[in-house]
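Step one of this worksheet: look at the structure below.
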Amino acid sequence: MNDSPSAAQRRPPPPIPLTILTGFLGAGKTTLLNTLLAAPELSDTLVLINEFGEIGLDHLFIEKVEGDMVMMSSGCVCCTIRGDLVTTLEDLLRRLDNGRIKPFRRVVLETTGLADPAPILHTIMSHPYLVMRFRLDGVIAVVDAVNGEATLDAHEEAVKQAAVADRLVIAKTDLPDGAAHAARLTERLAALNPGARILIAAKGEATPQALLDCGLYDPATKTPRVREWLNAEAVESAHHDHSHHHDHGHRHHDVNRHDDHIQAFCLTGDTPFTPPSFDIFIDLLRHTHGPRLLRVKGIVALSDEPERPVVIHGVQHVFHPPHRLDAWPDADRRTRIVFIVKDLDRAFVEGLYAALINRPAIDTPDAEALTHNPLAPARGGLLG
Ligand SMILES: Nc1nc2c(ncn2[C@@H]2O[C@H](COP(=O)(O)OP(=O)(O)OP(=O)(O)O)[C@@H](O)[C@H]2O)c(=O)[nH]1
């Protein structure tokens, strides 16, 4: 049956994929963007530049479109965020819906080199309208092989940028200084963010195919790609390697090193949560440790419908509305949640999980105590 025009008009348009391109000052973000924009996959892309201070992109611009909008030599439209990200995105959607702007199919948001990407992810995910219109496709962080290690030592923002990324692009390995540092930098980045793929720009690895559509949904088949998105196996095996190094004293914990405040781990468990205990798990985590949760992604087994897991995605205290899948993506039926955290003890998260699935442990409240706590957050949480 055909939809009436009014029904078709009421249906919200498919969400637009939004990629966040980050990396420290001078790392090579614009250079990478220029290369990517030349590819047909990025035609009809809207580029948003969140510049800090002076805009050094004049070489990209050929034609003024309207206000802050410019047409770039690639044919893509570019806009500079001068004020608020939400206002800019809302304004762009209005212009798109009114046909006052060249239609775009994808958005790339280049952050300032000094940006902590977590609040940007958080802003988009927590906005009731933007979360419907945009689909967070992925975070790409560019790291400069020449200065990368020094930058990671000196700037916590750079560590956070690398830690929350889905893809890490190492630039400038074509320079002798860069080539010399590439192996050590790669190792450090892999320890910091074991779930992210590392791509070397000078080897031509940073292609649109490798960088785009790395979110949860495959836009072509419209099926979830949980396994690749989580990359939980990589996070788990990196944790084992890391413990091994600790056991042998090869790597020393340095409280002043930014990397040592950030860790990635995967919580894995066979026992499903009950829906109320899962709500409490997330509520307690975000209320007690919200700012420490740089990124949380997972697939979760719930006891009400064990064959239909829930996918979660959170940044700080904001969580995307959980999404029920029709089935498990593979034979593995375990809950797997990848945590990228700052100054948060893995044992706390594991203890909370154990308590909520009723695995007894010394000095840990059981699920009954947590779910029937009169001080616990009221119902109506993530799962309603
Ligand atoms: N040799 C070499 N130079 C590069 C590479 N990537 C970037 N550069 C150079 O590094 C400088 C900074 O690159 P940009 O792409 O402007 O870096 P950015 O991260 O956008 O910089 P900001 O916007 O200032 O934060 C430029 O001079 C680039 O030409 C690379 O892979 N190899």
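Bear in mind these aren't lab numbers, they're just calculated from the coordinates by the rules spelled out. Small disclaimer: the values here were computed from a predicted structure and weren't measured. As a convention, Cβ positions derive from the backbone with ideal geometry for all residues, glycine included, and neighbour counts pool all protein chains shown.
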(request) Quick one: work out the % antiparallel among DSSP beta bridges in region 98-241, nearest 5. (result) 20
(message) If I stretch the segment between Arg227 and Glu205 completely, what's the gain in nm (0.36 nm per residue apart, minus their alpha carbon distance), one decimal?
(response) 5.8 nm
(message) Name the residue from Gly351, Val296, Leu284 whose Cα lies farthest towards the positive end of the charge dipole of region 249-360, charges +1 on Cβ of Lys and Arg and -1 on Cβ of Asp and Glu.
(response) Val296
(message) Starting from the 7 Å offset along Cα-to-Cβ, what nm value, one decimal, do you get for the label separation of Glu305 and Leu175?
(response) 5.3
